[in-house]
Each structure stands twice: as C-alpha cells, then as structure tokens.
Amino acid sequence: MLARWSGVVLAFAGVLAFAVQSTAGDKPRQVKVTIDSVMAADTNEGVDPRLASMTPRLRTLPFSYSTYRLLKSERKNTSCGKMIAFTLPGGRILHVAPHRVVGDMIVMELVLFQGDRPEMSTELKLPNHAFLILGGPRYAQGMLIVFIRADAPGASAVLPRIGNPTTPVSGGPPGP
C-alpha cells in the first residue's frame with residue numbers, strides 16, 4: 001500500500017532538517033497545522049488562482065501537470081503531544097501529531113490511513129513555517145498532492161537557506 005504514494009515526499013527548506021539534534025526541557029507549544037489538498041492533472045485547465053502563491057513550488061516538483069486545482073484547505077490548532085486528524089479528498093485520513101518544538105524545528109509524526117489501514121507513517125522535523133509535500137495516489141483524472149504546513153508561534157522563524165526556493169535542489173556539489 002505504501003507504493004501507492006509513489007515515494008514522493010519532499011520537504012522544501014527542510015531537506016537537512018533530520019540532522020538537527022533535539023534538546024531536553026522544551027515546553028509544549030501550540031502548533032497550527034494547515035493541510036492543502038491539490039489535484040494535479042493533465043486537463044489543460046491551468047493553475048487554480050487560489051494556488052497563486054504556491055505556483056513556483058508546483059513548477060519545481062519532480063512531476064509535471066498542466067492543471068493544479070485546490071480541492072480542500074483546512075487549518076487546525078493543537079498542542080504538542082496531541083494528535084489531530086484531517087479528512088483528505090478520496091476518503092483518506094491524515095493524522096498529524098506534533099511532539100515538540102526545538103528551536104525553529106517542529107518534531108512531528110504523520111500517519112496516513114485508507115479506512116482503518118495505515119498506508120504511510122513517518123516521523124520528521126520540519127522547519128517552522130515550512131511545507132512538506134506528499135505526492136500521492138491517483139485521484140480523479142490525476143494525482144492528489146498534499147501540502148502540510150506547521151506553524152509554531154514564538155518559535156524561531158530562521159529557516160536554513162538551501163538555494164533559490166523556486167529552483168530544485170540538486171543532490172551533487174556545486175560545479176567549479
């Protein structure tokens with residue numbers, strides 16, 4: 001079942017986030033989680049105007065579609081240590097559980113369910129105010145893309161600079 005999500009998990013401005021070490025004694029904080037569900041298809045309908053601010057990110061994804069349409073946008077507040085659930089288009093359920101905030105990093109767990117069966121589970125550290133993008137299962141005429149954003153008020157807003165945010169990050173060292 002995990003193969004349905006085609007292995008596309010990208011973290012913009014958070015590629016190096018896994019190297020950050022946790023520190024003890026961090027207090028639980030409020031975290032606002034935003035989930036934007038987007039249908040990507042080759043129907044030549046262009047980009048939904050509600051996605052205008054995301055257009056540069058959409059153009060850098062490792063797959064290319066002619067249409068991007070916002071299907072659903074949902075925001076929920078939670079405290080570190082408390083799980084919240086989001087119903088995605090197509091009936092899947094996404095559980096998001098922020099565990100703690102360490103500096104400018106939000107440590108969280110994500111579990112995606114199809115019915116009562118988990119399809120994907122991961123723990124990660126996401127920079128405050130950054131996006132994680134899940135490119136996933138077939139949906140309608142294309143594919144469902146889920147943008148996950150986490151915001152922890154009061155946490156450091158300094159994000160690591162990994163080059164131009166509208167340019168894909170390459171895996172090799174810079175040329176001479």
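The values are calculated or read from the model by the stated rules, or taken from the named source; none is laboratory data. Model, not experiment: these values are computed from the prediction. All Cβ positions, even for glycine, are placed from backbone atoms using ideal geometry, and neighbour counts span all protein chains on display.
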Looking at this structure, is LYS72 farther than 24 Å from ALA155 by Cα and modelled with pLDDT of 95 or more?
yes
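In the list ALA155, ALA150, which residue meets the criterion of being of a type in the set (A, V, I, L, M), touching a residue at least 12 places away in the same chain (Cβ under 8 Å) and assigned to a loop (DSSP other than H, G, I, E, B)?
Numbers: ALA150 fails: assigned to a loop (DSSP other than H, G, I, E, B).
Exactly one residue qualifies, and that residue is ALA155.
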Looking only at residues that are touching a Ser or Thr at 6+ places or on another chain (Cβ under 6 Å) and not in a strand (DSSP E or B) in the stretch 62-96, which one is surrounded by the fewest Cβ atoms within 10 Å (Cβ to Cβ)?
PRO89
Return yes when PHE113 is surrounded by 19 or more Cβ atoms within 10 Å (Cβ to Cβ) and either basic (Lys, Arg) or more than 14 Å from VAL31 (Cα to Cα) (or both) and no when it is not.
no
Pick from the stretch 47-61 the residues that are among the β-branched types (Val, Ile, Thr) and outside any helix (DSSP H, G or I): which of them is surrounded by the most Cβ atoms within 10 Å (Cβ to Cβ)?
VAL47
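So in the stretch 130-148, with the set limited to residues that are surrounded by fewer than 17 Cβ atoms within 10 Å (Cβ to Cβ) and not small (Gly, Ala, Ser), which one is modelled with the highest pLDDT? Explain how you work it out, then say what you get.
Residues of the stretch 130-148 that are surrounded by fewer than 17 Cβ atoms within 10 Å (Cβ to Cβ), as a first pass: 138, 140-141.
Still in the list and also not small (Gly, Ala, Ser): 138, 141.
On the way: ARG138: 76, GLN141: 83.
Only one residue tops the list, namely GLN141.
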